[in-house]
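To keep things clear, I will list the structure first and then write my remarks on it.
Nothing in this text is a laboratory measurement; each read-out follows from the coordinates by a stated rule. For clarity, every value in this text was computed on a predicted model and none was experimentally measured. Positions of Cβ are generated from backbone atoms using ideal geometry, with glycine treated the same way; all protein chains shown enter the neighbour counts.
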Amino acid sequence: MKFLLRQILRIIPVLFIISLIVFLLVRVTGDPISLMLPETATEQDKAELRQSLGLNEPLYVQYFTYLGDLVTGDFGESFRYNQPALSIVLERLPASLELAFFSMIIAIIISIPLGVLSAIKRNSFIDLFITGGAVLGKAMPNFWLGIMLILLFAVQFNVLPVSGTGSIYHLILPAITLGTAIAAEMTRLIRSSMLEILSQEYIRTARSKGLIEAIVVNKHALRNALIPVVTIMALQTATLIGGTLITETVFSWPGMGQLLIQAVNLRDMAVVQAATFVIAILVIGSNLLADLTYRYLDPRIKYD
C-alpha cells in the first residue's frame, strides 16, 4: 500500500507536465478559428469567436483556465461534433483497447514459444530462422504490412473483410498488423533472457537432480525470464496505442487513433488534448501494473 500511494503521488507531477506539453503543442499548430468559420467570415466574426472561446487571452491565462477545467474532466467542446471532447474520446476508447488487447495476445502467443525454442536450440538453424524472422518482423512498417495483409487475405483469397468492425473477423488483420512488431521484439528479448537464466547455477542444480527438461525450462527458467518481458509489455502499451493511429486508418477501425488523426488535421484542440491525456493515463497505468506484476513473478523483489 505504501508503494501504491508513493507511485500515485508521483503520477500527479507527471500529469501536470503532460498537460503543459499538450497545451503548448496544440497551440503552436495554428489558429483553429480559420477552420471553424467559413472563408466568407469577416475579421469581426473571427474576433468574436476567438473571444467566446477565450483564445484572445494571454497564453498563461488560457493554460490556467485549461488546468482548472482539466481537474473536473472538462476538456472543452469539439467544434466538429458539438459534443464534450472527453465523451467523444471515451466513446472511441473501447475499440482501441480491444484492438490493443488482441494485438498483445497475438504477440504473446507468438513470442513466448519462439523465444524459448530459439534459446533452447541456440546457434542452430531453428535459432537463426527465428531470430532472422524477428528482425524482419521488427523492420516491417505497420502500414505496409497492413496493406499487404489486405491484398493477400481480403482481395486475393477473400477470406477476411477489408476494413470496418462488427465481428471477430474484422479484428484479425489489424491485430496481426499491430502484434507482429511487438512479437518480434519480445521474441528477441525472451531468447536473451532465457539464455541468461539457463546458464544460472540453480538451473544446473535442477538438471543434476534428474528433472526432465520441460520442467526445468517451464517451471524454473521461464518464470524468471518473463520479468524483463513484463517491462517491455508495459512499454509496448504506448506503442500499441500509438500504433493504432496508422493501423486504424488503414483498416478504417473506429477507434481513438482514427479520431485523433482527424482531430489533428482539423485542429480540433479539445479532442486532441483529451485523447492525448487519456493515452498518457493508460501508459502510466500500464507501467504501474508492471511494477506490481514483478512481485508476483519474483517474490525476492521488494518495494522498499
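Going by average Cβ density within 10 Å per residue, which order do the peptides 1-8, 180-187 take, highest to lowest? Kindly include the intermediate steps, with their values, before the conclusion.
Details: 1-8: 10.6, 180-187: 23.6.
Most protected by this proxy first, the peptides run 180-187, 1-8.
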**Asked** Tell me, how many Å apart are the Cα centres for segment 176-205 and for segment 244-272?
**Response** 34 Å
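Given axes a ≥ b ≥ c from the Cα gyration tensor, I'd like to know whether segment 193-249 is rounded (a/c under 1.5), prolate (a/b larger than b/c) or oblate. Let's see the in-between values first.
Working: a/c = 5.36, a/b = 3.55, b/c = 1.51.
It comes out prolate by the Cα gyration axes.
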**Request:** Would you pull out the residues with amide H under 5 Å of GLU77's amide H, same chain only if 5 or more places away, H placed 1.01 Å from N?
**Result:** ALA85
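Over segment 142-212, what number does the Rg to Rh ratio reach, with both radii from the alpha-carbon atoms and Rh per Kirkwood?
Details: Rg = 20.2 Å, Rh = 15.2 Å.
We get a ratio of 1.32 for segment 142-212.
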**Request:** Would you list, by chain and number, the lysines whose Cα falls below 21 Å from the Cα of LYS121, excluding same-chain residues fewer than 8 positions away?
**Result:** LYS219
**Fill in**
In Å, the C-alpha Rg and Dmax of segment 1-142 are 24.2, 74
**Message:** I'm checking a number: the convex hull volume of the Cα atoms of segment 86-158, normalised per residue, in Å³. What is it?
**Reply:** 135 Å³
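So for each of 142-150, 267-275, 244-252, 54-62 I average, over its residues, the number of other beta carbons within 10 Å; can you give me the resulting order with the highest mean first? Mind showing how you got there, number by number?
On the way: 142-150: 17.0, 267-275: 26.3, 244-252: 22.0, 54-62: 12.2.
The densest-packed peptide leads the list: 267-275, 244-252, 142-150, 54-62.
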**Prompt:** In whole Å, how far is the Cα centre of segment 83-111 from that of segment 1-73?
**Reply:** 25 Å
**Asked** Want the number for LEU9 to LEU97: 0.36 nm per residue separation, take away the alpha-carbon distance, what's left?
**Response** 29.1 nm
